[in-house]
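Chemist: Sharing a structure, written as structure tokens. Questions coming.
Readers should treat all values here as calculations from the given coordinates under stated rules, not as data from a laboratory. Here the structure is a predicted model, which is why all the values come from computation and not from measurement. Heads up, the Cβs are rebuilt from the backbone with ideal geometry, glycines too, and the neighbour counts pull from every protein chain shown.
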Amino acid sequence: MDTKKAQHDLRSIAGLFHIYGDFVEAAPYGTGHINDTYSAVFNQSGSPARYIFQRINHHVFKNPSAVMENVSRVTAHLREKLEQSGADQISRRVLTLVPTHDGRTWDMDAEGNHWRCYLFIEKATTYDQIETTQQAFQAAKAFGAFQKMLADLPAPRLRDTIPNFHHTRSRFDALRQAMQEDTCNRAASVRDEIEFCLERERMVDVLLGLQARGLVPERVTHNDTKLDNVMIDDATGEGICVIDLDTVMPGLVLYDFGDLCRTGCRPTAEDERDLAKVEMRLEMFEALVRGYLASAGDFLNAAEKDHLVFSARLITFEIGLRFLTDYLQGDRYFKIHRDGHNADRARVQFKMVESFERNEAAMSRVVQEAGAGTPHSRE
Ligand code: ADP
Ligand code: GN1
Ligand code: MG
């Protein structure tokens, strides 16, 4: 459990939800950059039971009820799919929302914060840092299965909880604007990083161009597939549950695969200061490709398969753009824990982009050997 100090009165927040037993304690949990997550223990007739409580960051998610509408629909659909397939332990394979006393999926506290509650998935772990190729394989397989199960989500289209979330052109333009405005006088301290981005501008329109030409379809995607958003079963090693569903919305599968590579191929933390340690791990890439294709291989089209390698580079670049933009704007979006934190995070992403660039031929071979057609050459 985290040692951060609780900023909210979890006892009274927990009282909004329909939970049996007596509240015992709560503490901050996890390492996410956006929401506030707590685990809480209840005494249920002598046995402890854990729950997850989350405050939705309404500065980032401007319409929290739209987020919850998506989360409810997505979890209900996944549950139905799992039931149809005869899966066991369904409440460990899909998030379960705990209702409020009047049967709603979220409630508001006295300060206007939106809260939700999930059953705690026990005997499973999320890893900020991937440790084995088996974990990489399992995580990618879980995200592929997640996309596959949501392929027939009934209409209407899911809500866009953050418009243009992976619109890399908009992310690039936002960096250029932040750099020109330079409201915090920080641009001079990241001149090389800005230069790095400007040199790579042509990358940002590639997937958007394919989408505009109808070559890659919009599907239901997760959009935040970093590896600590999948729970790995402690006993079996299986990627048992995909979590953090706030950004599940219409998107491109390549955004998901790319973000898996950004986090799964990195040998260090996202904010490592010793850049000499930051080099992509080809064996992890191979495990991610194989895991993803094991569950998603039969529905991906040729253009999607052809751009698996490129997606790693693009999404890593895009998240780097976002960290750098936030640094220039005074750290308003991502939570930071030290001065220059967002600049450090950006540098790690850019080092990974370079590493992906250098390893492109080897990555392409991996995709080919895994049976996914002719990988696309350098854009
Ligand atoms: P954030 O948006 O802040 O990343 P997450 O939904 O990913 O929030 O939750 C943060 C962490 O809390 C996760 O990485 C995971 O370790 C833990 N967590 C979230 N939901 C559950 C759950 N239902 N059961 C157990 N742990 C969970
Ligand atoms: C944020 O919420 P969290 O920590 O899982 C961000 C992602 C970034 C990620 C970088 C809603 O994810 O887009 O890729 O940080 N989520 C949002 O670590 O912006
Ligand atoms: Mg998360």
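Chemist: How would you order 15-25, 102-112 from highest to lowest mean count of nearby Cβ atoms within 10 Å?
Modeler: 15-25, 102-112
Chemist: Provide the packing ranking of 299-311, 176-188, i.e. peptides ordered by the mean count of other C-beta atoms within 10 Å per residue, highest first.
Modeler: The most tightly packed comes first, giving 299-311, 176-188.
Chemist: Now a separate question. Using the Karplus equation 6.51 cos²θ - 1.76 cosθ + 1.60 (θ = phi - 60°), what ³J(HN,Hα) coupling, rounded to whole Hz, does each residue of segment 140-150 give in order, writing x for Gly and Pro?
Modeler: For segment 140-150, the Karplus curve yields 5, 5, 5, 5, x, 5, 4, 4, 5, 5, 8 Hz.
Chemist: Given labels modelled 7 Å from the Cα in the Cβ direction, how far is it in nm from Ile90 to Gln211?
Modeler: Result for the modelled spin labels: 3.3 nm.
Chemist: Round to the nearest 0.05 the FRET efficiency obtained for Ser72 and Glu122 when R0 = 25 Å and r is the Cβ-Cβ distance.
Modeler: About 0.65, to the nearest 0.05.
Chemist: Next question, about the same structure. Grab the beta carbon distance between Glu25 and His167, set R0 = 35 Å, and tell me the FRET efficiency rounded to 0.05.
Modeler: 0.25
Chemist: Still on this structure, please answer the following. Taking Cα atoms, how many degrees apart are the long axis of helix 282-296 and the longest axis of the chain, rounded to 10 and kept between 0 and 90?
Modeler: Computed tilt is about 60 degrees.
Chemist: Could you work out how far the C-alpha centroid of segment 202-222 sits from that of segment 156-193, in angstrom?
Modeler: Between the Cα centre of segment 202-222 and that of segment 156-193, the gap is 19 Å.
Chemist: Is the C-alpha gyration tensor of segment 1-134 telling us rounded, prolate or oblate? Criteria: a/c under 1.5 is rounded; beyond that, a/b larger than b/c is prolate, otherwise oblate.
Modeler: rounded
Chemist: Choose one answer from Cys261, Cys197, Cys241: the residue with the largest mean-square fluctuation in a GNM of the chain with alpha-carbon springs under 10 Å.
Modeler: Cys197
Chemist: Roughly speaking, what is the centre-to-centre gap between segment 270-326 and segment 35-106 when only Cα atoms are used, to the nearest Å?
Modeler: For segment 270-326 versus segment 35-106, the Cα centre distance is 28 Å.
Chemist: Let me ask you something else. Packing-wise, with mean Cβ within 10 Å as the measure, how do 289-298, 136-145 rank, highest first?
Modeler: 136-145, 289-298
Chemist: Hey, if you put +1 on the Cβ of every Lys and Arg and -1 on every Asp and Glu Cβ in segment 138-183, which of Phe172, Gln147, Leu158 ends up farthest toward the positive end of that dipole?
Modeler: Among Phe172, Gln147, Leu158, the one farthest towards the positive end of the dipole of segment 138-183 is Gln147.
Chemist: Angle, helix 341-358 long axis vs. longest principal axis of the chain, Cα atoms, 0 to 90°, nearest 10?
Modeler: 50 degrees
Chemist: Still on this model: Relative to the Cα centre, what is the charge dipole magnitude of segment 1-86, using +1 at the beta carbon of each Lys and Arg, -1 at the beta carbon of each Asp and Glu, and rounding to the nearest 20 debye?
Modeler: About 180 debye.
Chemist: For the chain, set up a GNM with springs between Cα atoms under 10 Å and report which of Arg219, Arg159, Arg202 has the largest fluctuation.
Modeler: Arg202
Chemist: Could you quote the convex hull projected area for the chain, Cα atoms only and averaged over all directions, in nm²?
Modeler: Average of the hull's projected areas for the chain equals 19.0 nm².
Chemist: What dipole magnitude, in Debye to the nearest 20, does the chain give about its Cα centre under +1 on Lys/Arg Cβ and -1 on Asp/Glu Cβ?
Modeler: The dipole magnitude comes to about 340 debye.
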